[in-house]
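*Asks:* Got a structure for you, written out below as structure tokens; questions coming shortly.
Bear in mind that the values in this text are calculations on the coordinates, not laboratory data. The structure displayed is predicted, hence computed values, not measured ones. Cβ atoms come from the backbone with ideal geometry, glycine included; neighbour counts cover every protein chain shown.
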There are 2 protein chains.
Amino acid sequence: MPPLTKDVIKFGHFIVTSQVFHLSPLSFALVNIKPLLPGHVLVSPRRIVPRFNDLSIDEVQDLFLTVQRVSRMVERVFKATSLNIAIQDGVDAGQSVPHVHAHIIPRKRADLEGFGGTDAIYSMMEGEDGDLDRHFNERSGSDPSTTTNGQGRGKFPAVDADESRTPRNEEEMEREAQWLAEEMAKDEKEYG
Amino acid sequence: MPPLTKDVIKFGHFIVTSQVFHLSPLSFALVNIKPLLPGHVLVSPRRIVPRFNDLSIDEVQDLFLTVQRVSRMVERVFKATSLNIAIQDGVDAGQSVPHVHAHIIPRKRADLEGFGGTDAIYSMMEGEDGDLDRHFNERSGSDPSTTTNGQGRGKFPAVDADESRTPRNEEEMEREAQWLAEEMAKDEKEYG
């Protein structure tokens, strides 16, 4: 499968081209460096703006049609029955990478039984959003002190289904991105 | 101020007409029976469907333009600096009322300091989503056992900023709804 685009796709100041599995005119979807549950992906506007209110009407509409398409695909592919869809809009809401992004997390019945129950996903997500920034920084060798990571967070103990999980490498993410791109293409044939 | 509409607006099987402070062609916004933080409101499609994927393209676009407008207003009016925007899409993601709804929660720096930190909002929200259903039921005299309330939840101890807070009465919610409707009208003049 050829790459989805020759463009360089950026999530905040990170280059994520190889993680992208879907492109719409104004948005993109990427696989996660450290998914909380299988199929946990992100959808962002192509334009790098921090706040939801920065988006134009066209960008809002394109973003959530993309969220709908992607969420349908991950629910099917990961055999889920529900989804968490969430935006941390601004640093005081827990946002770490200052680029609008919707988390899409496929859920199954009792999937976090023993880890705090259904709503434990939120504290996991919160931890993850921080991790996202930190791990991208570790990979790219940036100075973490120049990022917003950690501000306004950290008082709440993160519930984590697997404390020992490590960020995935490029190859692993690229493989998943290619697989999910193929699955998106199947849906496109069916739903248009 | 005259009522926004002569229509009966329903959130799931609950009549919420007096709580509605904004109507768009396909969506409505309502004040919350038990807000977690000041300005915590909900936005729903007018059509009662449980899942995000049930929404038409027009409904998705209208819903999130409404979320954007409403979130801009509550951030301004409640002097917030950030927002949590979240959909529990399906019962295994913690949804209690089977009618698509986006939570919008204005946030300020360190607003949950002492209650678990920034991300404590999520477990509060989760508890709230259950409460929403339960309190609506208590008010309307329905049989709570016929609702989806509580399924798949409850293992995680709800962090609650004010355990003693009681659901607000109709009058209180109506006053807030009228106030927020006026504030929406101000924005409409400014942003169109």
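*Asks:* Around residue A:28, which amide H atoms from residues at least 5 apart in sequence, or from another chain, sit under 5 Å from its own amide H, with H modelled in the peptide plane?
*Replies:* The list, which skips near neighbours in sequence, is A:44, A:46.
*Asks:* Is there a pair in A:34/A:108; B:34/B:79; A:108/A:189; A:10/B:108; A:79/A:186 whose C-alpha atoms are over 22 Å apart, and which pairs would that be?
*Replies:* Details: A:34/A:108 19 Å; B:34/B:79 20 Å; A:108/A:189 26 Å; A:10/B:108 28 Å; A:79/A:186 16 Å.
Among A:34/A:108; B:34/B:79; A:108/A:189; A:10/B:108; A:79/A:186, the Cα-Cα distance tops 22 Å for A:108/A:189; A:10/B:108.
*Asks:* Note the distances from residue A:172 to each other copy's matching label point, with points 7 Å along the Cα-to-beta-carbon direction, in nm, sorted shortest first.
*Replies:* Inter-copy label distances (nm, one decimal, shortest first): 4.9.
*Asks:* With a 10 Å Cβ neighbour count serving as the proxy for reagent exposure, in which order, fewest first, do B:191, A:122 appear?
*Replies:* Least crowded to most crowded, the residues run B:191, A:122.
*Asks:* Another one. On average, how many beta carbons from a partner chain sit within 10 Å of the beta carbon of a residue in B:50-63?
*Replies:* On the way: counts 0, 5, 10, 7, 1, 3, 1, 4, 1, 1, 9, 8, 1, 2.
For this peptide, the per-residue mean of nearby foreign Cβ atoms is 4.
*Asks:* Fewest to most neighbouring Cβ within 10 Å: what's the order for B:54, A:92, B:89?
*Replies:* If I rank by nearby Cβ atoms, fewest first, I get B:54, A:92, B:89.
*Asks:* Report the closest approach of any chain B C-beta to the axis of the B-to-A rotation: residue and distance, in whole angstrom.
*Replies:* So the chain B residue sitting closest to the axis is B:122, 1.
*Asks:* Rank these for me by crowding, A:18, A:123, going from fewest to most other beta carbons within 10 Å.
*Replies:* Fewest-to-most ranking of A:18, A:123: A:18, A:123.
*Asks:* Per residue of A:96-105, what is the mean number of Cβ atoms on other protein chains within 10 angstrom of that residue's Cβ?
*Replies:* 1
*Asks:* Still on this model: Per residue of region B:180-191, what does 6.51 cos²θ - 1.76 cosθ + 1.60 with θ = phi - 60° give for ³J(HN,Hα)? Whole Hz please, x for Gly and Pro, Karplus curve as stated.
*Replies:* Running phi through 6.51 cos²θ - 1.76 cosθ + 1.60 with θ = phi - 60° gives 5, 5, 5, 5, 4, 4, 4, 4, 4, 4, 7, 9 Hz.
*Asks:* Can you list, shortest first in nanometers, how far residue B:34 lies from the same residue in the other copies, with each label 7 Å from Cα toward Cβ?
*Replies:* 3.4
*Asks:* Ok, one more. Work out the charge dipole of region A:1-59 with +1 on the Cβ of Lys and Arg and -1 on the Cβ of Asp and Glu about the Cα centre, then indicate which of A:44, A:14, A:4 is farthest towards its positive end.
*Replies:* Value computed over the given set: A:14.
*Asks:* Highest mean first, how do A:66-74, A:7-15 rank when packing is the count of other Cβ atoms within 10 Å averaged over residues?
*Replies:* With the highest mean Cβ count within 10 Å placed first, the list reads A:66-74, A:7-15.
*Asks:* While we're here: If we hang a label 7 Å off Cα along the beta carbon direction at residue B:113, how far is it from the matching labels on the other copies, in nm, shortest first?
*Replies:* Output for residue B:113: 4.1 nm, nearest copy listed first.
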